[in-house]
Number of protein chains: 2
Amino acid sequence: MPTTRRDFVKNVSVASAGLLMTTPSNLFAALPAKSKVRLGIIGTGFRGEGHLALALRRADVEIAAICDVDDRMLARAKNIIDKSGKPMPKVFTGSNYAYRDLLATKDLDGVIIATPWEWHAPMILEALSAGIKYVATEVILGITLQDHWDVVKAAEANKAHVMMLENVCYRRDVLAVLNMVRQGMFGEILHLQGGYQHDLRGVKFNGGASPDNGTVPGAEFGDKAFSEAHWRTNHSLHRNGDLYPTHGVGPVAMMVDINRGNRFMSLSSFSTKTRGLHNYIVKEGGESHPNAKVRFKLGDIVTTQIHCTNGETILLQHDTNNPRPYSLGFRVQGTNGLWMDVANSIYVEGVSKDDEWDSADQWLKKYDHPLWQRWSKETEGAGHGGMDFFVLHGFVEAIKRGTNTPMNVYDAATWSAITPLSEASIEAGFQTVEFPDFTSGQWMYRKNDFALGDEF
Amino acid sequence: MPTTRRDFVKNVSVASAGLLMTTPSNLFAALPAKSKVRLGIIGTGFRGEGHLALALRRADVEIAAICDVDDRMLARAKNIIDKSGKPMPKVFTGSNYAYRDLLATKDLDGVIIATPWEWHAPMILEALSAGIKYVATEVILGITLQDHWDVVKAAEANKAHVMMLENVCYRRDVLAVLNMVRQGMFGEILHLQGGYQHDLRGVKFNGGASPDNGTVPGAEFGDKAFSEAHWRTNHSLHRNGDLYPTHGVGPVAMMVDINRGNRFMSLSSFSTKTRGLHNYIVKEGGESHPNAKVRFKLGDIVTTQIHCTNGETILLQHDTNNPRPYSLGFRVQGTNGLWMDVANSIYVEGVSKDDEWDSADQWLKKYDHPLWQRWSKETEGAGHGGMDFFVLHGFVEAIKRGTNTPMNVYDAATWSAITPLSEASIEAGFQTVEFPDFTSGQWMYRKNDFALGDEF
């Protein structure tokens with residue numbers, strides 16, 4: 001889309017001494033400010049209903065429309081709305097494409113997409129085509145690399161904002177460490193680690209839903225299974241890569257200014273053999289269960305390395321098929337010290353005792369981020385330890401002000417594209433692949449404006 | 001050397017149903033048993049004198065010859081020998097090639113090499129040429145990939161044993177975890193991690209030696225510096241790779257039977273920018289110190305991935321240029337649980353509480369390895385927490401029995417070759433490179449015989 005790209009650059013850039021500058025404040029065309037925003041929610045499964053409940057708590061949000069294909073989940077959503085005392089929105093259902101009617105709802109300021117992964121990119125693209133200027137999507141952004149390019153180019157063409165609701169960027173310890181990074185406590189940053197190390201066997205398989213809408217244990221996935229096992233497991237069946245990179249990479253990407261003066265240059269992924277999902281099926285369903293014959297493609301542990309153009313390395317681990325305690329495995333290391341979340345430990349030269357870890361607690365308290373200091377009361381009851389408050393808050397506040405969302409379409413594409421790139425790397429025999437630049441060079445001019453203050 | 005190779009295979013293999021089998025017990029020609037072994041030690045620096053002191057404690061060892069080029073270190077060695085009450089061995093010195101005279105000493109059963117890295121391969125090769133059948137070398141084996149091949153082929157041609165003194169293979173927790181692996185506690189092994197995360201700034205730089213032979217702090221390396229700073233730092237100046245992989249990889253390689261039914265297939269290394277050594281020079285010597293202008297090539301953190309043919313992945317980290325607490329960063333993970341040394345934690349499904357780490361202490365005690373149970377008294381006072389006892393013990397016992405050393409020339413070459421391979425990977429833009437098979441296919445037939453019992 002060369003014409004579109006040129007138009008975009010012309011509209012958003014400032015000619016300065018012959019240099020094209022795109023600063024975050026004018027990333028896309030400014031939109032009118034609002035005191036109240038009208039939102040639509042596509043997908044009111046367990047994840048979507050969390051966003052719905054938080055949105056209903058806000059005086060500055062009107063839920064104008066919701067959409068789902070599952071009657072049970074819609075009934076739960078309506079019940080949540082009833083209890084809130086807010087007016088019942090338009091409800092769309094009846095087909096996989098009912099969301100198109102939602103997108104045609106008049107005067108929607110924004111839409112939140114919380115559907116299975118493979119629906120994110122098509123729904124975002126249609127929302128943008130429908131003229132919606134703020135689109136929030138649950139992780140991840142798309143399936144193929146082309147999906148990611150399509151969404152970026154469509155956002156630019158429509159001068160619209162696409163925000164991926166990567167909540168871990170707002171985890172309290174993560175934001176405190178970002179604060180420490182910005183104050184130079186770790187010196188110049190060298191190496192970062194993160195990941196998704198989470199035993200998902202009970203999420204990938206169940207025996208359907210019980211009458212109270214919870215899941216019952218079992219060895220089923222796909223049609224016979226409920227909730228995420230209904231669709232998510234299919235990705236483990238067909239794909240080998242880091243299927244869920246953004247919880248690990250988003251927080252650390254922000255610490256080294258990715259797409260804001262820095263960028264990912266190359267990536268390689270290595271994967272182990274595939275054992276855990278089969279073992280779990282046999283454990284839950286026995287050797288003779290039909291699913292015991294299924295051959296899954298996802299390596300049990302996928303480890304990815306990324307090199308950044310400013311000389312940092314990032315290590316990501318995806319580890320979801322076997323028993324283990326939950327850990328996102330963060331490590332943030334610079335020339336003056338490091339943080340590791342697995343041991344809740346920090347070392348800062350000249351402050352910590354020589355060669356001894358400090359408990360991170362005192363540090364995280366001291367460097368608590370202004371966002372948490374201001375909004376901790378509002379985070380109470382919000383999902384995932386309060387992090388979910390911030391993603392919705394950031395999305396809503398950006399709409400109200402007519403400004404950029406705190407995380408933008410380039411973040412979403414860059415973090416989420418790790419999945420297809422890791423698949424390509426593994427498929428080629430763990431070869432190193434080039435990382436695309438979704439900003440088309442604008443990363444050199446943009447500044448980091450994420451979580452700078454206490455507003456959103 | 002096709003002829004040599006054929007001879008070797010003919011000598012060591014057993015024709016069995018048309019299949020060439022090399023079992024560990026006849027890896028090389030059997031040698032006569034002895035009740036006392038005559039050892040030479042090349043290099044009596046701080047490392048060599050540790051081996052010397054331990055050897056002097058043994059009734060089954062006669063130190064027949066020592067060699068060094070540094071009078072101060074030789075004087076210390078002679079003092080240690082004097083105090084032991086054992087007879088003074090022949091002492092060789094006066095040139096960098098004085099070790100050739102040591103190698104010509106009559107009836108040497110074995111030689112221990114504890115010299116700067118670049119001397120290891122040439123000294124091993126000359127020891128083998130001199131007819132010595134047991135050669136122990138400190139880590140690492142050689143500098144170039146060719147060095148590693150040369151040593152392997154020379155050991156085969158001479159039917160001699162080359163053992164790298166990789167002491168971490170005997171660390172008490174490492175051996176307990178090996179014990180757990182072999183008893184299936186972690187299930188089928190999937191992923192392993194290790195490394196060398198050790199702030200070496202005070203080792204890589206000093207201001208020379210004080211009168212009592214210790215080092216004084218400073219910003220010098222090379223000619224003006226003492227001990228390891230005299231030679232080791234030069235590798236950080238000229239090379240970018242994992243310069244010291246064997247402490248991390250040796251222990252985990254043994255857990256997944258590398259060269260014993262499994263092998264490394266491919267490797268990639270990523271490195272960060274280079275900051276720490278320059279920063280240290282400025283801190284110690286000021287901005288105007290001549291060494292502040294030196295450009296070091298070693299990336300501060302080098303992270304390496306290896307894929308094994310049986311489907312495991314291994315992650316290694318080399319991190320020696322910046323402040324941080326010491327950690328070899330072990331992680332051993334299978335289908336049933338994992339151990340991580342950084343947090344001293346173990347998780348085993350069905351035993352540990354759901355989603356909660358156990359302190360490793362109870363597990364490590366329960367699975368304490370027979371070697372430590374039998375020899376813990378003898379390890380008292382031995383360097384590196386007692387590990388140093390076991391490498392010398394293993395070397396000496398193998399000579400006495402005329403059998404294989406517990407770690408062999410293929411282990412040494414495979415583990416140590418990670419350095420030149422990681423350099424090649426980084427130099428090629430973090431590309432993945434093939435891992436050579438130093439066993440030339442014999443890994444398919446060999447069995448793991450490391451630390452099977454309580455003898456050595």
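A few points about this structure:
- Low-density loop positions, chymotrypsin sites (Phe, Trp or Tyr not before Pro), region A:307-385 - DSSP coil, at most 13 other Cβ in 10 Å: A:Tyr326
- Chain A residue with Cβ closest to the axis mapping A onto B, distance in whole Å: A:Ala343, 2
- Of the residues A:Phe205, A:Met265, B:Thr335, the one whose Cα sits farthest toward the positive end of the charge dipole of the protein assembly as shown, with +1 on the Cβ of Lys and Arg and -1 on the Cβ of Asp and Glu, is A:Met265.
- Neighbour count of at most 11 Cβ within 10 Å plus DSSP loop: longest GluC sites (Glu not before Pro)-free window in chain A: A:1-286
- Anchor A:Lys273: lysines whose Cα lies under 28 Å away (excluding residues fewer than 8 positions away in-chain): A:Lys204, A:Lys224, A:Lys283, A:Lys293, A:Lys297, B:Lys353, B:Lys447
- Probing with 1.4 Å while keeping every protein chain in the model, the per residue accessible area of region B:386-456 equals 27 Å².
- Relative to the 2.2 N^0.38 Å rule of thumb, region B:215-355 has a C-alpha radius of gyration ratio of 1.32.
- Each copy carries A:Gln146; placing its label point 7 Å along the C-beta direction from Cα gives inter-copy distances of 4.9 nm, listed from smallest up.
- Other-copy label distances relative to B:Gln362, 7 angstrom Cα-Cβ extension, nm: 3.0
- Exposure rule at most 10 other beta-carbon atoms within 10 Å, DSSP loop trypsin sites (Lys or Arg not before Pro): chain A longest free segment: A:107-294
- For residues of A:338-345, the mean tally of beta carbons on other chains within 10 Å: 4
- Ligands, DNA and RNA left out, the accessible area of region A:14-168 computed with a 1.4 Å probe is 56% carbon and sulfur.
- Calculated [θ] (222 nm, deg cm²/dmol) that DSSP helices of n ≥ 4 give over chain A, each run adding -39,500 (n - 2.57): -10500 deg cm²/dmol
- Whole-Hz ³J(HN,Hα) from phi, Karplus 6.51 cos²θ - 1.76 cosθ + 1.60, for region B:167-183, glycine and proline x: 6, 5, 4, 10, 4, 4, 5, 4, 5, 5, 5, 4, 4, 5, 4, 5, 8
- Additional length obtainable on full extension of the chain from A:Asp454 to A:Ala130, 0.36 nm per residue less Cα span: 113.4 nm
- Overall size of region B:10-168 from C-alpha positions, given as principal axis extents largest first: 58, 37, 31 Å.
- These residues, B:Ser425, A:Ser359, go from largest to smallest accessible area, 1.4 Å probe, as A:Ser359, B:Ser425.
- Accessible surface computed residue by residue for region B:10-168, with neighbouring protein chains in place and a 1.4 Å probe, gives 41 Å² per residue.
- Applying the criteria of a DSSP loop state and at most 15 other Cβ atoms within 10 Å to the chymotrypsin sites (Phe, Trp or Tyr not before Pro) of region A:86-156 yields A:Tyr97.
- When B:Asp300, B:Asp147, B:Asp354 are compared by accessible surface with a 1.4 Å probe, the order from highest to lowest is B:Asp354, B:Asp147, B:Asp300.
- Quarter of the Cα convex hull surface for region B:118-260, i.e. its orientation-mean projected area (nm²): 11.4
- The spread of Cα positions in the protein assembly as shown, taken along each principal axis and listed from longest to shortest, comes to 98, 72, 48 Å.
- Complex-versus-alone comparison for region A:181-208, residues with a loss of 30 Å² or more in accessible area, probe 1.4 Å: A:Glu188, A:Leu190, A:His191
- For region B:300-307, Karplus couplings with θ = phi - 60° (6.51, -1.76, 1.60), whole Hz, Gly/Pro x: 4, 10, 10, 10, 10, 10, 10, 9
- The Cα trace of chain A gives Rg and Dmax of 21.9, 72 Å, the first to one decimal, the second as a whole number.
- Once both labels are positioned 7 Å from their Cα atoms along Cα-to-Cβ, the gap between A:Gln183 and B:Ser440 label points is 6.2 nm.
- Cα centre as origin, Lys/Arg/Asp/Glu Cβ charges: region B:10-168 dipole, Debye: 560
- Cβ-Cβ FRET estimate between A:Asp71 and B:Thr144, R0 fixed at 60 Å, reported to 0.05: 0.30
- Centroid-to-centroid separation of region B:366-404 and region B:164-222 [C-alpha atoms, Å]: 17
- Unit charges at the beta carbon, dipole of chain A: most positive-side option, A:Gly110, A:Val181, A:His247: A:Gly110
- Evaluated with a Cβ-only charge set (Lys, Arg +1; Asp, Glu -1), region B:353-456 carries a dipole of roughly 520 debye about its Cα centre, given to the nearest 20.
- Expressed as a whole percent, the accessible surface of region A:186-315 that belongs to carbon and sulfur atoms is 47, based on a 1.4 Å probe.
- Each label was represented as a point 7 Å from its Cα along the Cα-to-Cβ direction; for A:Glu380 and A:Asp355 these points are 4.7 nm apart.
- Label distances, nm, B:Ala59 versus same residue in remaining copies, Cβ-directed 7 Å point: 9.0
- Calculated P(r) of region A:89-175 - Cα pairs past 14 Å, %: 64
- Backbone amide hydrogens, once placed in the peptide plane, bring B:Ile41 within less than 5 Å of B:Ala65, B:Ile66, B:Cys67, B:Ile112, excluding anything fewer than 5 places away on its chain.
- Test item: A:276-288 mean partner chain Cβ contacts at 10 Å: 1
- Pairwise burial B:A, computed as accessible area of each alone minus the pair, summed, 1.4 Å, Å²: 4300
- Dipole magnitude for the protein assembly as shown: computed about the Cα centre from +1 point charges on Lys and Arg Cβ and -1 point charges on Asp and Glu Cβ, it is near 460 debye.
The values are calculated or read from the model by the stated rules, or taken from the named source; none is laboratory data. Not measured: the values here are computed from a predicted model. Positions of Cβ are generated from backbone atoms using ideal geometry, with glycine treated the same way; all protein chains shown enter the neighbour counts. Ligands, DNA and RNA are stripped out before the accessible areas are found, and what is left, the full protein with its side chains, is counted by its heavy atoms. Shrake-Rupley method; radii C 1.70, N 1.55, O 1.52, S 1.80 Å.
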